[in-house]
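Worksheet: one structure, shown below.
Each reported figure results from applying straightforward, stated rules to the coordinates on display, with no laboratory input. Bear in mind that the values here come from a model prediction, so they are computed numbers and not experimental data. When we count neighbours, we look across all protein chains shown, and the Cβ atoms used for this are built from the backbone with ideal geometry, even at glycine.
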Amino acid sequence: MTVMQGRWRRPERPLLDRGAERAAIDELHGAVRRGFSGVLVLRGDSGVGKTTVAADAIDAASGFQVSAITGVESEINLEYTAVHQLLVPFLPLIGDLPGPQRQAIGVAFGLEAGPSPDSFLVGLACLTLLSRAAADQPVLCVVGDAHWIDAESARVLGCVVRRLYADRVGVILTVDGSTGSPAFEQLPAIEIGGLPDDAAAELLRSVVGAPLDPQAVDRALADTERNPLALVEVGSQFTAEELAERAYQLEPIPVGQRLKDRHLRRVPSLPTDAQEFLLLAAAEVSGDLGLVRRAAAEAGIDADAAEKAAESAGLIEVSGGFVRFRHPLKRAAVYHGVTDADRRRSPGGRSQRARQPGCSAPSRRQSLRPGRARSR
């Protein structure tokens, strides 16, 4: 196997109990080895293990040429950056391309001057380049965090993978469950969720390195939905004794800064009322929408507009008189995304300390921003 890794982030831990995902990867590898091509989108929440599954696919690609990159948010507005980096190992073959394709990809990649190329022609050039590269040895292209690649590269890759057939090329893309380019829609995909209960409990115990109270394990698995990264962060952040204490507390178990920042990413762009509505919802253990809206009214918050904004952002769901966060980690990130002092000033925080249902208004000065507060 020839591995040509550009900006590819290797996972820190081995793959755990991912039989279905491994089977899909094996099927893709088998098709390419038989002379065909294939694409697979790995979709799931942050920290759920998409990168680990993709790395396992690389390790299993015996006899392949592998080019692997990771999308970076700071380069999302740089045209053709991602596809250029992905195809760097194959650029020595660019001279074999037909003239129009060679010129289009040359201009797109900054190898020659010219007017802005047609993206479809750039896509055809990339398809031809990969096909030529795979003539002697099959090719596997892996793009991690594909939701962060530039729009031009996403369109080109979408064009390429839909036209691959008997080219001996495999493509694997990882995208967050709540985001992703329209270019990757309706491609073969598998949803990657949390670990099975036994594997999740084993991971948590291995990180803590000490026997755990069964209630502490159950609470950690529930609060993280068995998300591997969250379990590692929780196990690294708290001792067995601290987890046992938190098993009986009303507030969600804090997650590490990395996951907190990811789940708060959309929050700063929301109106202030929506941010404060989210904190009220996070502080209200019962999820009773009436209590949250009553608290919002006491704070002078336009509950209708705030609820709509938070729901449209994909952070909460409202149904049957109850409000719930789309993932427990989002609730934890919001709840622990403000300082302890701000949370204590919120009537939701006061109601929790009194162990009474209901919540009320947060401080109007607080703001939910990634990296703003650290709680333990």
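Before moving on, here are some points about what is shown:
- Cα gyration tensor, segment 223-294 - rounded (a/c under 1.5), prolate or oblate: oblate
- Estimated FRET transfer efficiency (residue 137, residue 298; beta-carbon r; R0 51 Å; 0.05): 0.15
- Per DSSP, loop GluC sites (Glu not before Pro) in segment 178-218 with at most 10 further Cβ within 10 Å: 185
- Packing-based exposure ordering (other Cβ within 10 Å, fewest first) of 198, 167, 288: 198, 288, 167
- Of the residues 272, 70, the one with the fewest other Cβ atoms within 10 Å heads the list, and the complete ranking is 272, 70.
- Cα gyration tensor shape of segment 146-270, rounded if a/c is under 1.5, else prolate or oblate by comparing a/b with b/c: prolate
- Computed from the Cβ-Cβ distance with R0 of 35 Å, the FRET efficiency linking residue 206 to residue 60 stands at 0.90.
- Counting other Cβ atoms within 10 Å as a rough exposure proxy, the listed residues 93, 243 run 93, 243 from fewest neighbours to most.
- Simple label model, 7 Å out from Cα along Cβ direction - residue 111 to residue 162, nm: 2.5 nm
- Subtracting the Cα-Cα distance of residue 250 and residue 74 from 0.36 nm times their residue separation leaves 59.6 nm of extension gain.
- For the pair residue 186 and residue 222, a Förster radius of 30 Å applied to the C-beta separation gives a FRET efficiency near 0.35, rounded to the nearest 0.05.
- Segment residue 308-residue 26, extension gain: residue separation times 0.36 nm, minus the distance between their alpha carbons: 97.2 nm
- Candidate cross-link partners of residue 308 among the lysines, defined by an alpha-carbon separation under 21 Å and a same-chain spacing of 8 or more, comprise 330.
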